[in-house]
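Engineer: Below you'll find the structure I mean.
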Amino acid sequence: MLRSTLVAVVTLTLYLLDSVEDELELSAVRHRPEGLEQLEAQTRFSRKELQILYRGFKNECPSGVVNEDTFKEIYSQFFPQGDASTYAHFLFNAFDTDHNGSVSFEDFVMGLSILLRGTVQEKLNWAFNLYDINKDGYITKEEMLDIIKSIYDMMGKCTYPILKEETPRQHVEIFFQKMDKNRDGVVTIDEFIDCCQNDENIMRSMQLFENVI
Amino acid sequence: MAAGVAAWLPFARAAAIGWMPVANLPMPVAPTNKNKHQDELIILNVSGRRFQTWRNTLDRYPDTLLGSSEKEFFFNEETREYFFDRDPDVFRSILNFYRTGKLHYPRYECISAYDEELAFFGIIPEIISDCCYEEYKDRKRENTERLMDDLEDNKDSKLPNMTFRETMWRAFENPHTSTMALVFYYVTGFFIAISVITNVVETVPCGSTPNQRDIPCGERYTEAFFCMDTACVMIFTVEYLMRLFAAPSRYRFMRSVMSIIDVVAILPYYIGLVMTNNEDVSGAFVTLRVFRVFRIFKFSRHSQGLRILGYTLKSCASELGFLLFSLTMAIIIFATVMFYAEKGSSSSKFTSIPASFWYTIVTMTTLGYGDMVPKTIAGKIFGSICSLSGVLVIALPVPVIVSNFSRIYHQNQRADKRRAQKVQKARLARMRISKSGSSTAFLHSKRNGLNQSLELTGSLEEDQQMKKTTSLLESQHHHLLHCLEKTTNHEFVDERLYEQGYLQTALQNFPSRSPSLSSEEGITGTCCSRRTKKNMQPLSATHTHSHTHNLQELSALHIQCGEQQPLNTSRSSLNLMSDESGSLNCKSSGLVTTAIISIPTPPSNNSRASPDAPPPPNPDAPPLPNPGTDVVKISAL
């Protein structure tokens, strides 16, 4: 009789452990976004557009969240000639606003809302946030160099003219010459926004992707 | 994770806003989405079963039937649906391909029916995802083999107008084709047996003469045995010569294993005839007779199992080698140990380490003749360890060999392994082509100057003209790549142009084109002119003979650009990008070769005036597996 109770206790604990594990697994794997109305209120997309976006999102990521590796893989497929993983890493950090290592549908759609339907101010804000890797409010030359190098990486090796070692650095120099008005070696958000608003090319290209959805 | 990343293109384009503040050049105009209708459901009626899906889902793969305008031919006006009179079960897999990006092969389907459906809907079978691809290829191979067997059977029964030589060869290879062949087959078999038995009986001592010792039959009935031997050798020689005459490729026949065995079997006799009864060479002559035993190997023509055994041993060479190696190691170790252990004892048989080899081998194979036994205690201990380990060392590789044999015997995979490897290579090649199709498609459209019209200052009519040839998704993707080019102020080029540019900058000491151009007005001008300058450079190259080899490389190239791409081995890489350009690439590569040819043939250069018409674009033969032939054609300029 003692033995049977022992056996029963053991099986019960095993079952409990199992079910606890399953629960943990379940909660880690699936993520459901907020309701359609809330998202409609928070973003500038219409209901139909949100539906289309979610269908595409869920198709690629059935679990409801994108982690960084998947993100890199998806983004790299658009740039077959080069290596898009570094830039995808920066992009991921820009989208992952709560920095929990995964981009949920809300993060995704809020980012897209700014990029596609936001004001120029918001877009420039977003771009600044992208360049500011450590999110301290200043873009240093090193951060800019990392970003620009990652953009050049996406070009790959076979370019014309040949990509040289100092090309990204020169590009950074030009950028800082343009943006860094007080020559203190960093670019603040105000300098950035000011300078971009005065540049016609940049203003025009910001409007480029208005009709993407 | 599902793999149709077309849905993420809007995201990638939106993220391109991150490049804008960094770019120094104006961006190209985005392709407009003219028919911006709401995404609608379309109904596909396949033999009565209705499937519904979004139109966008089907548009992901524009080079298939469902993704292109070809499906309009099947549109039924009254019911407002697309009707296909095909198998609905197989259609499930095909529609799932559009939905998930992965094509699966259901096991219960007949392979030829499945192939037909794929061909109808314009999907290449190489896209079948890894989980189902092995199964598909196995079934396909079985099917083709069966068809070939059927074909051969049919072939055997007819063919009245074969030459005498071909008839003979067929008779030799397949004894069942005619009665003469069968008779020949049995006669040779009989004589092989006779010859072998004769060799054996020759050495048996038969009866004693008044001399003391028994003499073997061979020496007693010398003439009888000599006649028998002569007869057999006659037959074998005639047979060998007839085979040699009938063989379609004599050189290959002479190199084959069976013919070598034949030759080795009959040579000793002839050598013996030639040699006199010289005492010195008779010893050598006797050893030559050993080779007569090779006649038994001639039986392998008569026995399929023997051939398979031989093949197994050949294919298990690595396991056999391992067995041999481990045995040798163990033998050396134990022989050394035994030698030193037995060194002390008197009158020990273990006189040297090589002498101990014999003991070790006999013990490890658990034979134990007993002619050499250890006498010291240490020797006995090590001897017992030796015999125990011998069992292990021999028992381990042997089951591997045995299982190999049974596997090969039952599956008969001889040529299939070789064929499978070739197919795998071809498959990877085709995947690489379609993957590189995305980048080459972009380069191709660039080269045809299409993107030039996408400048911000460009005109819209050219836009519309261009749209006909590329799908909207493709043009959007190209626009994205074009924006990246503008951001970095560098252009995508293919491998050869890149190398040529590299060589030129090295050789001509060109001032390095510093990309740090200021954002002045003249930028677009220099970009465009630089593009045309790029076309001119090969011209200047022809005038300097040192660069002619560059030129030929330039003309010989483009197909191989695909190889240089970093090969993304994940299945998800075969998304719409590569896929939509899959068959497009065949066409485009054909087009591209013509485009490339036109660059280096300047009208001024008479010697290179292109009487060689650009090689006909071969859209069905993937260029990658035959780069050699294409290269030869082009560089004949």
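The values are calculated or read from the model by the stated rules, or taken from the named source; none is laboratory data. This is a predicted model, so every value here is computed, not measured. Positions of Cβ are generated from backbone atoms using ideal geometry, with glycine treated the same way; all protein chains shown enter the neighbour counts. Surface accessibility is based on the protein's heavy atoms, side chains included, excluding ligands, DNA and RNA. Shrake-Rupley method; radii C 1.70, N 1.55, O 1.52, S 1.80 Å.
Engineer: Can you tell me the equivalent ellipsoid semi-axes for the stretch B:70-138? Use √(5λ) from the Cα gyration tensor, largest first, whole Å. Walk me through the numbers on the way to the answer.
Structural biologist: Numbers: eigenvalues 124, 29, 20 Å².
Whole-Å semi-axes of the equivalent ellipsoid: 25, 12, 10.
Engineer: Find the accessible area per residue for the stretch A:118-173; the probe is 1.4 Å, ligands and nucleic acids are left out, and the unit is Å².
Structural biologist: Working: 2290 Å² over 56 residues.
With the other protein chains kept in place, the stretch A:118-173 gives 41 Å² per residue.
Engineer: For chains B and A, what's the summed buried accessible area, probe 1.4 Å, to the nearest 100 square angstrom? Write down the numbers at each step before the final one.
Structural biologist: Working: alone 36620 and 13940 Å², together 44370 Å².
Roughly 6200 Å² of accessible surface disappears when B and A pair.
Engineer: Another question, if that's okay. Let me know the whole percent of all Cα-Cα pairs from the stretch A:120-212 that are separated by more than 21 Å.
Structural biologist: Above the 21 Å cut-off, the stretch A:120-212 has 37 percent of its Cα pairs.
Engineer: PRE reach from B:S347 (point 7 Å along Cα→Cβ): which of the stretch B:359-375 fall under 18 Å by backbone N?
Structural biologist: Of the residues in the stretch B:359-375, B:370-375 have backbone N under 18 Å from the label point off B:S347.
Engineer: Further question: Simple spin-label model, 7 Å along Cα-to-Cβ: A:L36 to B:L41 in nm?
Structural biologist: Reported label-point gap for A:L36 and B:L41 is 1.3 nm.
Engineer: Also, quick follow-up: Any idea how many Lys pairs in the stretch A:120-212 come in under 20 angstrom at the alpha carbon, given 8 or more places apart or on separate chains?
Structural biologist: So the count works out to 10.
Engineer: Pop a pseudo-label 7 angstrom from the Cα along the beta-carbon direction at both B:R407 and B:L313 and give the gap in nm to one decimal.
Structural biologist: Result: 2.1 nm between the two label points.
Engineer: Additional query: Calculate, axis by axis, the spread of Cα positions in the stretch A:40-152 along the three principal axes, and write the results as whole Å, longest axis first.
Structural biologist: The principal-axis extents, from largest down, are 42, 32, 25 Å.
Engineer: Rank B:M364, B:M168 by accessible area, highest first, at a 1.4 Å probe radius?
Structural biologist: From most exposed to least exposed: B:M168, B:M364.
Engineer: Now a separate question. For helix A:120-131, report the angle its Cα long axis makes with the longest principal axis of the Cα atoms of chain A; keep it between 0 and 90° and round to the nearest 10°.
Structural biologist: Relative to chain A, helix A:120-131 is tipped by roughly 70 degrees.
Engineer: With each label point set 7 Å from Cα along the Cα-Cβ vector, what nm distance links B:D214 and B:M242?
Structural biologist: 4.0 nm
Engineer: With axes computed from alpha carbons, what is the tilt in degrees of helix A:47-60 against the longest principal axis of chain A, rounded to the nearest 10 within 0 to 90?
Structural biologist: Once rounded, one gets 70 degrees.
Engineer: Amide H neighbours of B:L103 under 5 Å, at least 5 residues apart or on other chains, H built in the peptide plane: list them.
Structural biologist: B:S129
Engineer: Separate question: Provide the FRET efficiency to the nearest 0.05 for the A:Q177-B:K425 pair, computing r from the beta carbons and using R0 = 56 Å. Present the calculation step by step, with values, prior to reporting the outcome.
Structural biologist: Details: r = 53 Å, r/R0 = 0.94.
Calculated value: 0.60.
Engineer: Taking amide H positions as placed 1.01 Å from N in the peptide plane, with prolines and chain starts having none, which residues 5 or more places from B:E81, or on another chain, fall under 5 Å of its amide H?
Structural biologist: So B:E81 has HN proximity to B:N76.
Engineer: Starting at the first residue of the stretch A:90-99, write each ³J(HN,Hα) from the Karplus equation 6.51 cos²θ - 1.76 cosθ + 1.60 with θ = phi - 60°, in whole Hz, x for Gly and Pro.
Structural biologist: 3J(HN,Hα) across the stretch A:90-99, in whole Hz: 5, 4, 4, 5, 5, 7, 7, 5, 9, 6.
Engineer: Any chance you could look up the accessible area of B:I271 with a 1.4 Å probe, heavy atoms only, rounded to 10 Å²?
Structural biologist: Near enough 60 Å² of accessible area.
Engineer: Kindly state, to the nearest 0.05, the FRET efficiency for B:I381 paired with B:A355, given R0 = 35 Å and r defined as their beta-carbon distance.
Structural biologist: Efficiency computed from Cβ-Cβ geometry: 0.95.
Engineer: With a 1.4 Å probe and every protein chain kept in, tell me what percent of the accessible surface of chain A is carbon plus sulfur.
Structural biologist: 55 percent
Engineer: Would you calculate a helix-derived [θ] at 222 nm for chain A, using -39,500 (n - 2.57) for each DSSP H run of n ≥ 4 and dividing by the full residue count, to the nearest 500?
Structural biologist: The helix-only estimate for chain A comes to -20500 deg cm²/dmol at 222 nm.
Engineer: By how many degrees, between 0 and 90 and to the nearest 10, does the Cα long axis of helix A:105-117 differ from the longest principal axis of chain A?
Structural biologist: Roughly 20 degrees, rounded to the nearest 10.
Engineer: Before anything else, pin down the relative contact order of the stretch A:120-212: Cα pairs under 8 Å, at least 6 apart, normalised by residue count, whole percent.
Structural biologist: The normalised contact order for the stretch A:120-212 reaches 33 percent.
Engineer: Oh, and also: Given the convex hull over the Cα atoms of chain A, what projected area results after averaging over all orientations, in nm²? The partial results should precede the final answer.
Structural biologist: Numbers: hull surface 71.4 nm².
Approximately 17.8 nm², given one-decimal rounding.
Engineer: What do you get for Rg/Rh of the stretch B:233-340 when both radii come from the Cα atoms and Rh is the Kirkwood radius?
Structural biologist: 1.15
Engineer: May I pose another question? DSSP loop GluC sites (Glu not before Pro) in the stretch A:71-133 with at most 15 other Cβ atoms within 10 Å of their Cβ, which ones?
Structural biologist: Working: sites: A:E73, A:E106, A:E122; in loops: none.
Passing both the DSSP loop test and the Cβ count: no residue.
Engineer: Between B:T328 and A:D69, what FRET efficiency comes out of the Förster formula 1/(1 + (r/R0)^6) with R0 = 45 Å and r the beta carbon distance, rounded to 0.05?
Structural biologist: The calculated FRET efficiency here is 0.40.
Engineer: Now for a different question. How much solvent-accessible surface does B:Y186 expose, in Å² to the nearest 10, with a 1.4 Å probe and all protein chains in place?
Structural biologist: Accessible area of B:Y186: about 140 Å².
Engineer: Express in nm, to one decimal, how much length is gained between B:E77 and B:T336 on full extension, taking 0.36 nm for each residue of separation and deducting their alpha carbon distance.
Structural biologist: 84.0 nm
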